[in-house]
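I have placed the structure first, in the form of structure tokens, so that the comments after it can refer back to it.
Read-outs: derived from the displayed coordinates by stated rules, not from any lab. In this text the structure is predicted, and so the values were computed from the model without any measurement. For neighbour counting, all protein chains shown are included, and Cβ atoms are generated from backbone atoms with ideal geometry for every residue, glycine included.
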Ligand SMILES: [Zn+2]
């Protein structure tokens, strides 16, 4: 990439980041926030306006003598298709560039998850077709997922998923748009971070399965293999229930949502020890519990908190925070697709990006 283009891309990203943080800003405010000249900020905003990434806003300050109105992310045109693939249901949301304000209200379409890949792709196509103006699709997928390759390696919740090129499957079903695939718990951790809830934490979620994802220094923790965060498949001594992964007594067989209400104090103690071990390994002092774990009865939640506190070194050397939080899946997916479009240097780019210097 030519130096001038690289600088332009850098500035454009900075303007988009400033708008994401502030919601609405004038060209002058953006120039100041990013540290660029007003003409440069104005040029970038004009490009973003032309591409439909941002739109002009009404402002009390606008009027005669004001050269331009403030801008914000476009909130009118559906640009991203968000997909939540789950064991029983698939949920869809068509959202604009503007960050979703309500994580639950956006999921306007859903269908029962069929039992083959081709039937699922057909259902996806039937539900949304190939929307005009759509820029990208992004899916949260359960199981062990290779985000980079867009493939699922293991998934007992959706047995047809492993082996499928999910990215290609989704893209083909909705008009050939670029598609991002993200493991579901990682999606939740990203959403939680974007909601402004911290840069360093381990998110543990109970749903159809049990898993975790670590946010470290504001970035999703990545490992060489795609098994990062899979603490649900740690066997608990003495427990013999067969797990979908082929082992017996995995924590997931005790604490996945369908079984969570029936688990006993010893199971919660085991969960606390396993979560504590993860904290000790990663050097984290903060846990965020979501899904069915966030809905535990107060006494049981207290038991789990005590077990985590008892095994985490952070609690002995300093302090530990254990919070419950709502799932922020739409926010996480939105952030993932937004970042992918900004980061990629091939034709995944936002439509406004230009490579010619
Ligand atoms: Zn297992």
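In the chain, the DSSP beta bridges split such that about 60 percent are antiparallel, to the nearest 5.
Helix 298-311 axis versus longest C-alpha principal axis of the chain: approximately 90°, rounded to the nearest ten. Projected label points at residue 89 and residue 242, each 7 Å from Cα along the beta carbon direction, are separated by 3.0 nanometres. With the simple spin-label model, which puts each label point 7 Å out from Cα in the Cβ direction, the residue 160 to residue 200 separation comes to 4.5 nm. Using the average count of surrounding beta-carbon atoms within 10 Å as a protection proxy, the listed peptides 114-121, 235-242 rank, highest first, as 114-121, 235-242. The angle between the Cα long axis of helix 329-343 and the longest principal axis of the Cα atoms of the chain comes to about 50 degrees, rounded to the nearest 10. Under the simplified labelling scheme, the residue 126-residue 264 pair shows an inter-label distance of 4.6 nm, with each label point 7 Å from Cα along Cα→Cβ.
If R0 is 51 Å, what FRET efficiency do you get for residue 172 and residue 297 from their C-beta distance, rounded to 0.05? According to the calculation, E is roughly 0.70. As a proxy for reagent exposure, ranking 34, 53 by other Cβ atoms within 10 Å from fewest up yields 34, 53. From zero outward in steps of 20 Å, how is the percent of C-alpha pairs of the chain spread across the bins? The calculated distribution, bin by bin, is 28, 52, 19, 1. At full extension, residue 116 and residue 277 could sit 54.2 nm farther apart than now, given 0.36 nm per residue minus the alpha carbon distance. Over region 198-324, with a single point scatterer placed on each C-alpha, what log10 of the ratio I(q)/I(0) does the Debye formula yield at q = 0.10, 0.11, 0.16, 0.23 1/Å? Rounded to two decimals, the profile gives -0.28, -0.33, -0.73, -1.48. Normalised by 2.2 N^0.38 Å, where N counts its residues, the alpha-carbon radius of gyration of region 174-229 equals 1.23. Evaluated on region 107-196, the Kirkwood hydrodynamic radius is 13.7 Å, with distances taken between all distinct Cα atoms.
Ordered by the count of other Cβ atoms within 10 Å of each Cβ, fewest first, 308, 109 give 109, 308. What's the angle, to the nearest 10 degrees (0 to 90), between helix 117-128's Cα axis and the longest principal axis of the chain? Compared with the principal axis, the helix lies near 40 degrees.
Ordering 155, 245, 250 from the fewest to the most neighbouring beta carbons within 10 Å gives 245, 155, 250. State whether region 73-135 is rounded, prolate or oblate according to the following rule on the C-alpha gyration tensor (a ≥ b ≥ c being the square roots of its eigenvalues): a/c under 1.5 gives rounded; otherwise a/b larger than b/c gives prolate, and the remaining case gives oblate. Oblate is the answer for region 73-135, as a/c is 1.5 or above yet b/c matches or exceeds a/b. Per-peptide packing, taken as the mean over residues of other Cβ atoms within 10 Å, places 298-305, 205-212 in the sequence 205-212, 298-305 from highest down.
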